[in-house]
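Here's the structure, in structure tokens; my notes come after.
The values are calculated or read from the model by the stated rules, or taken from the named source; none is laboratory data. In this text, all values refer to a predicted model and were calculated from it rather than measured experimentally. Counting neighbours? That spans all protein chains shown, and the Cβs are built from the backbone with ideal geometry, glycine included. To get the accessible areas, we keep the full protein, side chains included, count just its heavy atoms, and leave off ligands, DNA and RNA. Shrake-Rupley method; radii C 1.70, N 1.55, O 1.52, S 1.80 Å.
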Amino acid sequence: MSRAASTLRARHAVRRLSSSSSASSAEAWDVPFHRLQKQRGQHLLTNPRVLDDIVRRAAIRPGDAVLEVGPGTGNLTARLLASPAARVAAVEIDPRMAAAVSARAAALGLSHKLTVTTGDAMEVEFPEFDVCVSNIPYAISSPLIAKLLFGAYRFRAATLLVQREFARRLVGAPGHGERNHLATNARLVADVTLLMDVSKAEFVPVPGVDSSLVEIRMKEEDRPAEVEPGIGLDEWLEFTRVCFGQHQLQQRRRRQKKKRWKEKTLGTIFKKEEIAMELFRLSRRAEERDGSGPVGGGSDVPRHDGDDVGDGKEEEDCGEVAYSCFSKEGVVAFKERIAGALQSARLDKERPSRLSNDDLLRLLRLFIKRGVHFH
């Protein structure tokens, strides 16, 4: 059978399945799974009309390479294979599911269009793809989207089914109380759109929350190396990580005190001694890397050349927040730089979730001008 004929057969099969099933009926597949692993987010989307709608909204073009993360038993995969896509690459952590989706492609006569990789999506290297279409496990939503957006991948768009609350945060505009670290960074490189909501009743087993379909459309296929001339993307990513409490020192503190970071102002965040010390260390390294001191000079930008090493120890021997390697005067002067930047930007009393990317970028410029670096 030719490839064109097998593709046509698959499309007819999907149409028959959709037309013969009610909106609430389950997608049929004859591979028995006695137990789904909820800890891996195995909630299978079974409504044919919703599955068809996802593929339609993904707007797959002839010849596209499609990436699917977490195909399960292949309910969505079957429709992706029947689309104009040239090939589909599926990444599945559960060997049982990987075998099931491979068998399903074979039953449709479309094995030649499918490649299945068994492994953790956060650890495996994805093949080249044009679009990503997935019902992704809730637990990896944030790190997976970060991997797609800021990894070495060139793609046009990702159409993803995620937890509804997560989707609302992801599309949140500046001033939205739930806007978070990932949403801030996503807006730098992509446009995020809410496409539709999906009830939890459409899944087996039924999860505890509803879902939403979002589209992440890249502004450019290539990841930019710089946010703007003189400010690298890595510097921006580390800066926003601190602002939104995603730095490892902050996360440790959050676990200990169980306080919601979004309630903290930028002034409160940057007053933390462990954060100031970590930035002090990073800024020293940046100056050594560049072969120069802080940019801008002047009395409001205290230098610390030669006066911030207390006992001759190498910087690498210092603990994460220890003061023993630096003079007290050097640390105080550096903290004054941080406070000066916040006051100059008039953002010390603002919460990060309330600020636009332009506001945050303006603050980052002032930090760098005063010799405060994040990478």
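Would you tally the residues in segment 93-102 being open to solvent by 10 Å² or more (accessible area, probe 1.4 Å) and not in a helix (DSSP H, G or I)?
Total meeting the criteria: 1.
Among the candidates Val31, Val124, which residue alone is among the β-branched types (Val, Ile, Thr), modelled with pLDDT under 95 and part of a loop (DSSP other than H, G, I, E, B)? Quick ask: steps written out before the conclusion?
Values: Val124 fails: modelled with pLDDT under 95.
Unique residue meeting the criteria: Val31.
Kindly establish whether Leu80 is in contact with a helix residue (DSSP H, G or I) (Cβ under 7 Å, 6 or more places away or on another chain) and more than 25 Å from Met196 (Cβ to Cβ).
Considered against the rule, which asks whether it is in contact with a helix residue (DSSP H, G or I) (Cβ under 7 Å, 6 or more places away or on another chain) and more than 25 Å from Met196 (Cβ to Cβ), Leu80 comes out as no.
Scan segment 52-74 residue by residue and report those that are part of a helix (DSSP H, G or I), within 27 Å of Glu123 (Cα to Cα) and open to solvent by 10 Å² or more (accessible area, probe 1.4 Å).
Hit for segment 52-74 is Val55, nothing else.
Of the residues that sit in segment 141-170 and are assigned to a helix (DSSP H, G or I) and open to solvent by 40 Å² or more (accessible area, probe 1.4 Å), which one is nearest to Glu128 (Cα to Cα)? Talk me through it step by step, then tell me what you get.
Quick first cut of segment 141-170, residues assigned to a helix (DSSP H, G or I) only: 141-150, 164-170.
Those left that are additionally open to solvent by 40 Å² or more (accessible area, probe 1.4 Å): 142-143, 164-165, 168-169.
On the way: Ser142: 21, Pro143: 19, Arg164: 28, Glu165: 30, Arg168: 29, Arg169: 28 Å.
Looking at residues that are assigned to a helix (DSSP H, G or I) and open to solvent by 40 Å² or more (accessible area, probe 1.4 Å), I get Pro143.
So which residues in segment 171-184 are charged (D, E, K, R) and either open to solvent by 30 Å² or more (accessible area, probe 1.4 Å) or on the phi > 0 side of the Ramachandran plot (or both), if there are any at all?
Applying the first criterion (charged (D, E, K, R)) to segment 171-184 yields 178-179.
Glu178, the sole residue that qualifies.
Which one is nearest to Cys132 (Cα to Cα), of the residues in segment 61-117 that are among the hydroxyl-bearing types (Ser, Thr, Tyr) and under 26 Å from the mean Cα position of the chain (by Cα)? Lay out the reasoning, then the answer.
We begin by selecting, within segment 61-117, every residue among the hydroxyl-bearing types (Ser, Thr, Tyr); these are 73, 77, 83, 102, 111, 115, 117.
Those still in the list that are under 26 Å from the mean Cα position of the chain (by Cα) too: 73, 77, 115, 117.
Working: Thr73: 18, Thr77: 12, Thr115: 14, Thr117: 15 Å.
So, considering only residues that are among the hydroxyl-bearing types (Ser, Thr, Tyr) and under 26 Å from the mean Cα position of the chain (by Cα), the one nearest to Cys132 (Cα to Cα) is Thr77.
Listed residues Ala89, Ala65; which is touching a residue at least 60 places away in the same chain (Cβ under 8 Å) and of a type in the set (Gly, Ala, Ser)? Can you show your working first?
Values: Ala89 fails: touching a residue at least 60 places away in the same chain (Cβ under 8 Å).
Being touching a residue at least 60 places away in the same chain (Cβ under 8 Å) and of a type in the set (Gly, Ala, Ser) holds for just one of Ala89, Ala65, which is Ala65.
With the structure loaded, tell me whether Ala105 is closer than 22 Å to Val204 by Cβ and part of a helix (DSSP H, G or I) or whether it fails that test.
Values: closer than 22 Å to Val204 by Cβ: yes; part of a helix (DSSP H, G or I): yes.
When the stated conditions are applied, Ala105 passes them.
For segment 195-236, name all the residues that are in contact (Cβ under 8 Å) with a residue 40 or more places away in the chain, within 19 Å of Ala167 (Cα to Cα) and assigned to a strand (DSSP E or B).
Of everything in segment 195-236, those that are in contact (Cβ under 8 Å) with a residue 40 or more places away in the chain, within 19 Å of Ala167 (Cα to Cα) and assigned to a strand (DSSP E or B) turn out to be Leu195, Met196, Val198, Phe203, Ser211, Ser212, Leu213, Val214, Glu215, Ile216, Arg217, Met218.
Is it true that Leu108 is among the hydrophobic types (A, V, I, L, M, F, W, C), surrounded by 23 or more Cβ atoms within 10 Å (Cβ to Cβ) and touching a residue at least 12 places away in the same chain (Cβ under 8 Å)?
Values: among the hydrophobic types (A, V, I, L, M, F, W, C): yes; surrounded by 23 or more Cβ atoms within 10 Å (Cβ to Cβ): no; touching a residue at least 12 places away in the same chain (Cβ under 8 Å): yes.
The answer is no for Leu108.
For the subset of segment 344-356 comprising residues that are open to solvent by 30 Å² or more (accessible area, probe 1.4 Å) and assigned to a helix (DSSP H, G or I), which member is nearest to Cys243 (Cα to Cα)?
Arg354
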